[in-house]
Ligand SMILES: Nc1ncnc2c1ncn2[C@@H]1O[C@H](COP(=O)(O)OP(=O)(O)O)[C@@H](O)[C@H]1O
Ligand SMILES: [Mg+2]
């Protein structure tokens, strides 16, 4: 079943075409990676799928519904959750409080919400951070809290924006393993935007490549890493990294 269909989406900021006629279909249970150099339009695509931005042209369908006119909270209520690239924690909340806020979005019942929050902490592996304040945590830890917060909403589709940035190669491997486990456990569909090739190649079943708002390639991680247009877009540091993981 198709859970997400992005059809012919164009988004402009003034004269800048951030996305140009982008199409993307995602099946239930798939993991799709979205890659591309800085400014390619990746975050804009996430903003449009989650309703934070509205397209100039085209339609977003989620579980067969046209959500173009829907506000973000209504789209979220379909089971779409998003892990933000820039983590803005509430410094004086504990990890537990931050994650429980997520689960209350889904359930008004306190014991149910607490159970979902506990499960999210366990799945992400940060139960031991439960009573720490957000302001005491480092960036990789904050990203895990953000992941737990979005999982606590019990999503069906999870969008993750650059969760691996700043992690060591060993931490990247752990994160890939962890996300695969979480995905299996909760039966999620995953969309990941990522710069770290080791991460996106290890996790994704299919990858789309954006470049200045255009989709320049789509396919398996292996075919993407060999695609001449992709290589050209990534000439320089990224390509050396991609070759390593193809
Ligand atoms: N709210 C906005 N207003 C104006 N320009 C924007 C806005 N959001 C993104 N852009 C521009 O759109 C392009 C795509 O941005 P973005 O989607 O953030 O790229 P990526 O996430 O791939 O790095 C960039 O040139 C960026 O400067
Ligand atoms: Mg971005």
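The values are calculated or read from the model by the stated rules, or taken from the named source; none is laboratory data. If you're wondering where the values come from, they're calculated on a predicted model, not measured in any experiment. Every residue, glycine as well, gets a Cβ built from its backbone with ideal geometry; the counts of neighbours run over all protein chains shown.
Structure data summary
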item: Check on residue 38, more than 12 Å from ligand 1 (Cβ to nearest atom), assigned by TED's automatic domain parsing to the domain that holds residue 221 and in a loop (DSSP other than H, G, I, E, B); result: no
item: Qualifying residue in segment 63-81 (condition: outside any helix (DSSP H, G or I), more than 16 Å from ligand 1 (Cβ to nearest atom) and more than 21 Å from the chain's Cα centre (by Cα)); result: yes
item: Failed item, numbered, when residue 55 is tested on (1) within 10 Å of ligand 1 (Cβ to nearest atom); (2) farther than 22 Å from residue 186 by Cβ; (3) assigned to a loop (DSSP other than H, G, I, E, B); result: (1)
item: Residue that is farthest from residue 201 (Cα to Cα), among those in segment 1-35 that are part of a loop (DSSP other than H, G, I, E, B) and more than 15 Å from ligand 1 (Cβ to nearest atom); result: 1
item: From 60, 101, residue being more than 12 Å from ligand 1 (Cβ to nearest atom), in contact (Cβ under 8 Å) with a residue 12 or more places away in the chain and touching a strand residue (DSSP E or B) at 6+ places or on another chain (Cβ under 9 Å); result: 60
item: Unique residue being within 16 Å of ligand 2 (Cβ to nearest atom) and surrounded by 19 or more Cβ atoms within 10 Å (Cβ to Cβ) when the list is 208, 182; result: 208
item: Of residues in segment 25-57 being within 16 Å of ligand 2 (Cβ to nearest atom) and more than 15 Å from the chain's Cα centre (by Cα), the one surrounded by the most Cβ atoms within 10 Å (Cβ to Cβ); result: 40
item: The listed residue being farther than 28 Å from residue 37 by Cβ, away from ligand 1 (no atom under 16 Å from the Cβ) and either assigned by TED's automatic domain parsing to the domain that holds residue 39 or part of a loop (DSSP other than H, G, I, E, B) (or both), out of 112, 171, 181; result: 181
item: Within segment 121-164, considering residues that are under 12 Å from the mean Cα position of the chain (by Cα) and assigned to a strand (DSSP E or B), the one surrounded by the most Cβ atoms within 10 Å (Cβ to Cβ); result: 160
